[in-house]
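Scroll down for the structure; my scribbles are underneath it.
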Amino acid sequence: MVIDLPSELIDRLRAAQRIVAFTGAGISAESGLSTFRDKQTGLWAKYRPEDLATPQAFQRNPRMVWEWYEWRRGVAAKAEPNPGHYALAQIEAAHPGFFLATQNVDGLHARAGNRNLVELHGNIRRTICFDHRHPADSWAPTDEPPPRCAHCGSLLRPDVVWFGEPLRGDALVRAQQAAAQCDLFLSIGTSTMVYPAAELPFIAGSNGATVIEINPDFTPLSKLANFVLREKAGTALPAIAAAMLD
Ligand code: BV8
């Protein structure tokens, strides 16, 4: 489906020098990956992600949390980037001032071709140990999962940021600086609920950037955004890329 963008939005898109895209689970929904707000399906239907994605849950029941991530890792590995992911890769390829900050851990932006990106909440395809964050690329099969670290013997876990854990490295600072300095901020497929990541669109808006929200549903950002496209990312982003790159 091709949508018409407001002419004022097209002018802003074409004039933008420094662009930040901020994505959440909604951009991967059209790749078949359920969002955090979706009811969990099947085996995990009775659990809320927020109750599984915590260090406490892992310490309480490491096997269950490990198996939830093994299931999600398997689903993510079979998923393909969708037109929304590819549109952002097209924009980065044509726009030196483009920066992508994702909350997603599925690795689909890198697979679509984006390089100038930070994965604020880590990546489900990477595994580390719980006690020292030693990376683990492989591990001996065990009938008592989670497997253990070859270096220190502590339990292995996914290299993602759990609720109650601080974001790692310089990802957040890089994203905050990009948000503060951009002139166009695209907030895509996120409920804008999880901090500190959710602050990024508000940082951009308070620094004078044009803020565009792409989300079929209302979020806490909707009333502040300069433009709200009540569309799926897979519909809106190709139209935005076409308007920018024509
Ligand atoms: C931190 C990785 C501090 C794991 C994730 C009280 C006590 C303690 C902490 C807090 C507190 N109050 C607030 C906090 C902070 C807490 C927080 O924000 N909690 C929320 C629930 C209130 N944050 C944290 O704990 C963070 N850490 O604060 O540390 C600290 C500092 C120093 C020392 C110690 C501690 C860490 C947060 C990171 C958690 N990890 N993911 C994993 O994936 O398993 S969060 C996870 O949910 C995602 O990464 C994402 O960030 C987040 C929100 O999900 P969304 O991506 O927005 O997806 P959602 O389903 O919510 O929405 C999807 C949207 O898409 C919807 O709006 C839908 O309408 C739309 N959509 C659907 N289809 C489409 C679409 N849009 C477009 N197209 C479509 N087709």
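The values are calculated or read from the model by the stated rules, or taken from the named source; none is laboratory data. These numbers were taken from a predicted model, which means no experiment stands behind them. Cβ: placed from backbone, ideal geometry, glycine included. Neighbour counts: every protein chain shown. Each accessible area value is taken on the protein alone, full model and side chains, heavy atoms only, with ligands, DNA and RNA left out. Shrake-Rupley method; radii C 1.70, N 1.55, O 1.52, S 1.80 Å.
For residue 78, the conditions (1) under 13 Å from the mean Cα position of the chain (by Cα); (2) open to solvent by 10 Å² or more (accessible area, probe 1.4 Å); (3) more than 18 Å from residue 235 (Cβ to Cβ) are fulfilled apart from (1). The residue of the range 26-38 that is nearest to residue 243 (Cα to Cα), among those that are surrounded by fewer than 20 Cβ atoms within 10 Å (Cβ to Cβ) and of a type outside the set (A, V, I, L, M, F, W, C), is 30.
Of the residues in the range 102-123, at least one is farther than 19 Å from residue 201 by Cβ, open to solvent by less than 30 Å² (accessible area, probe 1.4 Å) and part of a strand (DSSP E or B). Return a yes/no flag: does the range 51-70 have any residue that is in contact with a Ser or Thr (Cβ under 8 Å, 6 or more places away or on another chain), open to solvent by 40 Å² or more (accessible area, probe 1.4 Å) and charged (D, E, K, R). Scanning the range 51-70, I find no residue that is in contact with a Ser or Thr (Cβ under 8 Å, 6 or more places away or on another chain), open to solvent by 40 Å² or more (accessible area, probe 1.4 Å) and charged (D, E, K, R), so the answer is no. Can you find a residue that is within 8 Å of the ligand (Cβ to nearest atom), crowded, with 20+ Cβ neighbours inside 10 Å and aliphatic (A, V, I, L, M) anywhere in the range 216-232? Scanning the range 216-232 turns up no residue that is within 8 Å of the ligand (Cβ to nearest atom), crowded, with 20+ Cβ neighbours inside 10 Å and aliphatic (A, V, I, L, M).
Return yes or no: is residue 186 within 15 Å of residue 9 (Cβ to Cβ) and in a strand (DSSP E or B)? So residue 186 fits the description; yes.
Does residue 73 qualify as being within 17 Å of residue 160 (Cα to Cα), part of a helix (DSSP H, G or I) and either open to solvent by less than 70 Å² (accessible area, probe 1.4 Å) or not assigned by TED's automatic domain parsing to the domain that holds residue 149 (or both)? So residue 73 fits the description; yes. The residues of the range 10-25 that are crowded, with 21+ Cβ neighbours inside 10 Å and over 14 Å from residue 212 (Cβ atoms), listed by number, are 24, 25.
In the set 145, 141, 201, which member is at pLDDT 95 or above and assigned by TED's automatic domain parsing to the domain that holds residue 58? Selected residue: 145, the only one of 145, 141, 201 that is at pLDDT 95 or above and assigned by TED's automatic domain parsing to the domain that holds residue 58. Pairs linking a residue in the range 92-106 that is in contact (Cβ under 8 Å) with a residue 60 or more places away in the chain and closer than 18 Å to residue 241 by Cβ to a residue that is open to solvent by 30 Å² or more (accessible area, probe 1.4 Å) and of a type in the set (A, V, I, L, M, F, W, C), with Cβ atoms under 6 Å and 6 or more positions apart or on different chains, are 94/245; 100/117.
Restricting the first member to the range 42-69 and to residues that are in contact (Cβ under 8 Å) with a residue 24 or more places away in the chain, and the second to residues that are part of a loop (DSSP other than H, G, I, E, B) and acidic (Asp, Glu), the beta-carbon pairs closer than 7 Å and six or more apart or on different chains are 55/165.
Which residues, counting only those in the range 197-213, are under 20 Å from the mean Cα position of the chain (by Cα), under 18 Å from residue 88 (Cβ atoms) and either more than 15 Å from the ligand (Cβ to nearest atom) or free of Cβ contacts under 8 Å to residues at least 40 places away in the same chain (or both)? Within the range 197-213, 204, 211, 213 qualify.
Quick grid of which residues meet (1) within 14 Å of the chain's Cα centre (by Cα); (2) within 11 Å of the ligand (Cβ to nearest atom); (3) among the hydrophobic types (A, V, I, L, M, F, W, C); (4) at pLDDT 95 or above:
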{"position": "54", "(1), (2), (3), (4)": "no, yes, no, yes"}
{"position": "59", "(1), (2), (3), (4)": "no, no, no, yes"}
{"position": "84", "(1), (2), (3), (4)": "yes, yes, no, yes"}
{"position": "89", "(1), (2), (3), (4)": "no, no, yes, yes"}
{"position": "98", "(1), (2), (3), (4)": "no, no, yes, yes"}
{"position": "106", "(1), (2), (3), (4)": "yes, yes, no, yes"}
{"position": "110", "(1), (2), (3), (4)": "yes, no, yes, yes"}
{"position": "121", "(1), (2), (3), (4)": "yes, yes, no, yes"}
{"position": "124", "(1), (2), (3), (4)": "yes, yes, yes, yes"}
